[in-house]
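Enquirer: Just dropping this structure here.
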DNA sequence: CATGAAGTGTAGCCACGGCTACATTTTCAT
DNA sequence: ATGAAAATGTAGCCGTGGCTACACTTCATG
């Protein structure tokens, strides 16, 4: 990918807005993987195994879609799986899942703390959490601690 | 044996998680349109006209990408544009843009209020705002008002 | 132990949102 | 008025993330 870009065109005056949008797009591209990793960790922790069909059902997608996503997880070095056997997380996958789970909790707690109803907090956190930077996450934690 | 469960398909128990993920995917699919609508409204308000190239520059994408997105805006009834003339918003587009702008402001204010640094607040709001439901938005407003 | 159901995998389709390359139209300066 | 530059539009590619349809394993169970 991105091989031999002869002239990276440094854009001396890249608008701040453009940079922000770019980052937002990046975050979005990782969101799915994060969700899968978190769910797989959850399934492994509770049920003992993570099968593509279980994953698909929990995510509300077809099993084919889940399998394609799992393939991508493998490509990214986050999961391992052998045909007709369950899915497992690599070290990196575990780490990611733990981070995602922790962040999810903080986001939900923050929402609840500022008065968002439980149902909405769960729903909205699902989408928002992938865009919460470390700085923001830290601020959320501070706010929750010192209130 | 089959007389026991004649309708195994009905899925009365769609996992709450599946529903949440589905909604999150929906929100994501509208996010781009919202960004474009908001930006076009901004350009029309300040500069007087919204040209594809301006839009592309502000968003950090190629002009071809911007033009494709504009085509989608037109398809969705949010914008109008004639070849080689500028882009304009329909009534629906204006309404959407106004709503998006207001929501963006509230989200940034909320983040600032709980201690998120300005830079991170702007950045993160860009991605988060598309997942903020009305209920959450209302809660944010209440929190900001009564603090 | 055979067979069928459930789970798994593969192939191929679609829409989206990126991109580059090329063609066309407008605009603007000389 | 013309010709070059800029803007615009079109075509075609890629990867992602959905889907359905079909093929193949696994595994329980009769």
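Readers should treat all values here as calculations from the given coordinates under stated rules, not as data from a laboratory. All of these numbers come straight from a predicted model, not from anything done at the bench. FYI the Cβ positions are ideal-geometry reconstructions off the backbone, even for glycines, and counts take in every protein chain you see.
Enquirer: Taking square-rooted eigenvalues a ≥ b ≥ c of the alpha carbon gyration tensor, is the range B:56-132 rounded, prolate or oblate, where a/c under 1.5 means rounded and, failing that, a/b exceeding b/c means prolate?
Expert: Prolate.
Enquirer: Take the alpha carbon atoms of the range B:27-50, find their center, do the same for the range A:94-147, and report the distance between the two centers in whole angstrom.
Expert: Answer, in whole Å: 28.
Enquirer: Can you list, shortest first and in nm, the gaps between the label point of residue B:144 and those of its counterparts in the other copies, using a point 7 Å from Cα in the C-beta direction?
Expert: So the distances to the same position in the other copies read 2.3 nm.
Enquirer: Take the Cα coordinates of chain B, assign each an equal point scatterer, and use the Debye formula without solvent to give log10 I(q)/I(0) at q = 0.12, 0.20 Å⁻¹.
Expert: The computed values of log10 I(q)/I(0) come out as -0.62, -1.24.
Enquirer: Continuing with this model, one more query. Other chains' Cβ within 10 Å of A:130-141 residues: what's the mean?
Expert: 6
Enquirer: Quick check on packing: order B:122-130, B:61-69, A:135-143 by the mean number of other C-beta atoms within 10 Å, highest mean leading.
Expert: The most tightly packed comes first, giving B:122-130, A:135-143, B:61-69.
Enquirer: Right, another one. Between residue B:26 and residue B:65, what is the label-to-label distance in nm when each label sits 7 Å out along the Cα-to-Cβ direction?
Expert: Spacing of the two 7 Å Cα→Cβ label points: 2.7 nm.
Enquirer: Moving on to the next point. Placing a label point 7 Å from Cα toward Cβ, how far apart in nm is residue B:119 from its equivalents in the other copies, listed shortest first to one decimal?
Expert: 4.1
Enquirer: A further question on this structure: Report, to the nearest 10°, how far helix B:134-145 tilts away from the longest principal axis of the Cα atoms in chain B, using its own Cα long axis and a range of 0 to 90°.
Expert: 60
Enquirer: Ok, one more. Given the rule -39500 (n - 2.57) for each run of at least 4 DSSP H residues, summed and divided by the residues of the protein assembly as shown, what is its mean residue ellipticity at 222 nm, to the nearest 500 deg cm²/dmol?
Expert: -22000 deg cm²/dmol
Enquirer: If each label sits 7 angstrom from Cα along the C-beta direction, how far apart, in nm, is residue A:16 from its counterparts in the other copies?
Expert: 4.0
Enquirer: OK, next. So for chain A, averaging the separation of alpha carbon pairs under 8 Å that are six or more residues apart and normalising by length, what relative contact order in percent results?
Expert: 21
Enquirer: Right, here's the next one. Which angle from 0 to 90°, rounded to the nearest 10, does the C-alpha axis of helix B:16-46 make with the longest principal axis of chain B?
Expert: The helix B:16-46 is inclined about 10 degrees to chain B.
Enquirer: Determine the shielding of peptide B:22-33 by partner chains: average, over its residues, the number of Cβ atoms on other chains within 10 angstrom of each Cβ.
Expert: 4
Enquirer: Over the protein assembly as shown, what lengths in whole Å, largest first, do the semi-axes of the equivalent ellipsoid take, defined as the square roots of 5 times the eigenvalues of the alpha-carbon gyration tensor?
Expert: Equivalent-ellipsoid dimensions as semi-axes: 35, 25, 22 Å.
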